[in-house]
Each structure stands twice: as structure tokens, then as C-alpha cells.
There are 2 protein chains.
Amino acid sequence: MSSKAPIGVFDSGVGGLTVAKEIIKQIPNEDIIYFGDTARVPYGNKSKDTIINYTRQIVRFLMSKDVKAIVIACNTASAFALDIIKNEIDIPIIGVVNPGAKVAVSTTRNGNVGIIGTQGTIDSNVYSKYIGKLDAKIKVYGRACPLLVPLIEENLLDDPVTKEMARRYTEELLVYNIDTLVLGCTHYPLIKDTISQVVGGEVSLINPAYETAKTIIEVLKENDLLNEFNKYNNHKFYVSDGSEKFKTFAKSILSCEVFETKTVDIEKY
Amino acid sequence: MSSKAPIGVFDSGVGGLTVAKEIIKQIPNEDIIYFGDTARVPYGNKSKDTIINYTRQIVRFLMSKDVKAIVIACNTASAFALDIIKNEIDIPIIGVVNPGAKVAVSTTRNGNVGIIGTQGTIDSNVYSKYIGKLDAKIKVYGRACPLLVPLIEENLLDDPVTKEMARRYTEELLVYNIDTLVLGCTHYPLIKDTISQVVGGEVSLINPAYETAKTIIEVLKENDLLNEFNKYNNHKFYVSDGSEKFKTFAKSILSCEVFETKTVDIEKY
């Protein structure tokens, strides 16, 4: 495997671009192959079997593009599929949950951590497990927020309806006196301001993207795969549904030059 | 083909059950094979190519169950795929758009008809085309309502947030003095009361399910396929994602006895 090979990053849709953005920022020499499963989005309320099946197909697709490592930039897929898939492939693969859990542990002062995420992520209890391994004394309170992804996908980022739903979802977490709230879905950083308004400035919001990028750097270093020299970036974006929406979103999130997205028949992988 | 064979009915998820319910009510002798594409729901904001591909797979699956006719109980799939698929198979297939258009034409008094539906259904202009064929003088105004399906799937049927979104979506249609509003998505009848509150009692709400059931009866009669005698019904329900949510919804919509749902790997068809 060459250090010049790209890093594969995938998500159910556009949310993972918030992670891709952070990776591009921290290690600008690296090329990214991004896949968004826009034909089958959202993943959040689908079963474990379905998510594992979809993740396997996407990993096969990314490996057909000779990626040197994979980042699962989706909390639901990280929660359900990471532990299984990492035993099936021979290149490094990381998710966003462990990095998010690490930051939550180092951030909380009173030991009460809230997690918001999709139904799948919350039901899996994956954040509790990872946080528990790092510090068994920390109490973790989860709340599924199934409508936040559709609201964000409709671009209602700063809207009374999104604020009302964020308020309903977080109010029961605030009862537990949380001082730290993990944005346990890669879409949520896009409404960080709205969430901050409803939970109050004294609650620290954790976006796992920054720590995920740091983790992939460490993993690449350990495997001698960090790309030290790359004058011209060649990021590539693939989707399973060829609608224009992905491009519009990608431009606003990445704020980089216009790029092409290619449509892939992911079911064939 | 035997008249004792079942009728295939499918939707992206649970919405088509509102159509299945009406068919069961109007022709109780018939058996239904229902398929809900719960692994890939929603269809509403995906591209035409994706929807045609998914519809082909589902039609192949239903035909493997020896159905005598197929009802596409999904407006988006009816809009994008019906005209193509009906040339590819040799059993009768109908959608929900033509029946809905027929009722709208016979209902409107002032010739101003509103359509609410998914982004795909509205962008396809399919209701305008069908209504225009029946009465070219009728003016048709469409509005995509992308958040209504997620809100309904979250069971927020009678909720201030759903009411607010319904108000935003319909207010621009009311400017055109519509007297008839087609519920152009099989989920929407579940929030008929909320929609009625925001558009006012003087606007007639059209649910295409009733007319769709009438249409399939006519089609079966024409093809000598109506099942006259069936003492014990044997409806069967299949989904592409085996989560419990479908069952819960199905029970509340169909209000019939508890039934089993089988999970199908639809990508294999």
C-alpha cells in the first residue's frame, strides 16, 4: 500500500462532509475519496443488519478505488458496523464514535455527559460503552433526535421549527445536569448554534470531527502511510443517487471549488 | 393467471398501507401482498433513475410471488416509473396519480386545484399532465412538502410543528384561490385533520386511495381476475428493513389483527 493512495471517507449522505472538511484542513496533503449513500439515506432509523450490509458494500467500493485507510464518517454506521467490518479487511478503518467519546471524557467536569444522535446510534449504546471504558464513573444520557437530519437536509439550519425540535430533544438531558453534549451525528455540527441556544452556553458541545481527523493522522503515521508530499489535491466525490442536492450541500460545507460527483450503483458492490 | 392470485401493492414504506386499507375495504375477497421498501425510504427526494431502478426490483419481487396485478401505492414511484414499467410486464399495473387526478377534476368547482407531494412528485408535473388531459381549463398549482413524511413517520400527526410546516407549505397555494387540494403522497391522509385545519374547511381534500381501489376493481373486472370467493384472507407483508416500526404503524393504520412481516433482500431482485 502506498502512502500516496487516497483516504476513503463515507457517510449515509452529506453529513460526513463535516468530517472530510476537518481531515482536509488538518492534513491537506491527503486525497479523499468520499462516498455519500444518497440513494438510501437516512441510516438513522434502519436496522443493524441493513446498516452492516450497506457498510460492507461501501467498503468494497472504496477498496476498489485502492484507498489506504477508511473513515466511517457516520455515527450510525460506526455504531453498528465498525467492530464487524474491521475484522474483514486488511487496511486501517476508524469510526467517529471513539474519537467523540475521548473528547467527551476529557471535557466533562461534573461527569454528566449527554449524547444526541439517530435512533440507531442511541439504541446501540455505543457511546456509553466507549466512555465507560475510558472512565467508568462518567454518567451518559442519550436521546434520539430522528427529525434533526431531515430538518438539516431541508436547510432549516436557523429556523424556529428546528429550534423547537432541538429544545424538545434536549430538555430531558438538561434535567440530568449535563455539562457536555456530544453531537453524535455528523449532520448536527451544521446546527451547532441552534443547539447551543437551547442548551445554553455553559454546556460544551462536542463535534467528533476534529478528534476523528487527529485519530486518522495517528493511524496513518503508525502504518507509515502519511502522505508527506502532494502538490495538487485530487479529492473525488461519489454518490449513490445523482441528485443535485448533494453538490449544493457539499459546496456550502466544504467551501472549496466546484467539483464533479459521480453516481455509483452501490448495490453491485 | 388465476383470479385467486393476490394483488401486489407497494410503497417506499408505510404510506401505501392507506391504499391497501381501502382496497381491503372495497374488495374484501382479495388477498394482498404488500411490500414496503423500509430500507431505502424515503423516495421523495431521490432521482428518477433511482426510483425506476427500485420500482423494477420490487415489481420483480412481487411477480415472483405470482401476483395477478400491481398497485403502485406511492405517488413518487407512480410519477417516475409507472409509464416505463407498464411496458415491461404482462400483468395489469396501476398507480395512484391518475385516480387522484380524476377525483380532483370532478371535485373542483372554480378550476383551481392544489397538489401537495414529495419533491419528486411535484417536480415531475405528473398531476398537471393527467389533469390537463381530463380538462385543459383547470389550473394546477403544486408544492413540495419534504418534511411531512419524516414528521408523519415520527408519529407527530397532531402536533404544533407538523401544523406549522403544513401551514408554510400550503399558504402559497391558498393565494391561488384553490378549492381542491390533492394529498399527493400516501402518507398525507394520516394528517388530513391537521391539513384541513390550516387550509380551512372550504377546501376539499382529495385522498386518491378510494379512487385507486375503485380503479383496480375495474381493471380486475376487465381482465376477468376479480376474486369472487375467498373465505379466509391471507394478506402478506414484506419489508426491506426488518425494524419493528413498520409493524407498529401497520397495526395502527390497518387496525386488523397482528401479522408477521418478512424481511426481503430486495437488492437481489
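Just so you know, all these numbers are worked out from the coordinates, no wet-lab data involved. This one's a predicted model, so the numbers in the text were calculated from it and none came from an experiment. Neighbour counts are summed over all protein chains in view; Cβ atoms, including those assigned to glycine, are modelled from backbone coordinates with ideal geometry.
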For region A:10-36 the number of residues that are surrounded by 23 or more Cβ atoms within 10 Å (Cβ to Cβ), assigned to a loop (DSSP other than H, G, I, E, B) and either touching an Asp or Glu at 6+ places or on another chain (Cβ under 8 Å) or within 14 Å of chain B (Cβ to nearest Cβ) (or both) is 3
Filtering region A:42-66 down to residues that are more than 9 Å from chain B (Cβ to nearest Cβ), of a type outside the set (S, T, N, Q) and buried (at least 24 other Cβ atoms within 10 Å of the Cβ) yields A:TYR43, A:GLY44, A:ILE51, A:ILE58, A:VAL59, A:LEU62
Among the residues of region B:50-79, the number that are assigned to a helix (DSSP H, G or I) and under 13 Å from the mean Cα position of the chain (by Cα) is 5
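Just for region A:1-49: of the residues that are among the basic types (Lys, Arg) and over 12 Å from the mean Cα position of the chain (by Cα), which one is nearest to B:LYS48 (Cα to Cα)? Outline the logic, then answer.
Residues of region A:1-49 that are among the basic types (Lys, Arg), as a first pass: A:4, A:21, A:25, A:40, A:46, A:48.
Next, from what is left, pick out any that are over 12 Å from the mean Cα position of the chain (by Cα): A:4, A:25, A:40, A:46, A:48.
On the way: A:LYS4: 37, A:LYS25: 35, A:ARG40: 14, A:LYS46: 23, A:LYS48: 28 Å.
Per the criteria, the residue is A:ARG40.
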Of the residues in region B:163-179, those that are crowded, with 23+ Cβ neighbours inside 10 Å and outside any loop (DSSP other than H, G, I, E, B) come to B:MET165, B:ALA166
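Is it the case that A:GLU153 is within 11 Å of chain B (Cβ to nearest Cβ) and either aromatic (Phe, Trp, Tyr) or touching a His at 6+ places or on another chain (Cβ under 9 Å) (or both)? Walk me through how you get there before you give the answer.
Details: within 11 Å of chain B (Cβ to nearest Cβ): yes; either aromatic (Phe, Trp, Tyr) or touching a His at 6+ places or on another chain (Cβ under 9 Å) (or both): yes.
Yes, satisfied.
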Taking the criterion of being assigned to a helix (DSSP H, G or I), within 13 Å of another protein chain (Cβ to nearest Cβ) and under 20 Å from the mean Cα position of the chain (by Cα), would at least one residue in region B:88-102 satisfy it?
no
Per the filter on region B:123-136, residues more than 14 Å from B:GLY100 (Cα to Cα) and part of a helix (DSSP H, G or I) are B:ASP123, B:SER124
Go through the residues of region B:212-219 one by one and say whether even a single one is out of contact with any His (no Cβ under 6 Å at 6 or more places or on another chain), of a type outside the set (A, V, I, L, M) and not in a helix (DSSP H, G or I). no
Restricting region A:235-244 to residues that are in a loop (DSSP other than H, G, I, E, B) and under 26 Å from A:LYS86 (Cα atoms), the one nearest to the other protein chains (Cβ to nearest Cβ) turns out to be A:SER240
In region A:123-145, anything within 14 Å of chain B (Cβ to nearest Cβ) and either closer than 18 Å to B:GLU164 by Cα or crowded, with 24+ Cβ neighbours inside 10 Å (or both) is listed as A:CYS145
Regarding B:ALA39, is this residue crowded, with 24+ Cβ neighbours inside 10 Å, out of contact with any Phe, Trp or Tyr (no Cβ under 7 Å at 6 or more places or on another chain) and more than 14 Å from chain A (Cβ to nearest Cβ)?
no
Based on what the data block shows, is A:ILE7 closer than 21 Å to A:PRO92 by Cα, of a type outside the set (Ser, Thr, Tyr) and at the interface with chain B (Cβ under 10 Å from one of its Cβ atoms)?
no
Some residue of region A:14-31 being out of contact with any strand residue (DSSP E or B) (no Cβ under 7 Å at 6 or more places or on another chain), in contact (Cβ under 8 Å) with a residue 12 or more places away in the chain and of a type in the set (Ser, Thr, Tyr) | yes
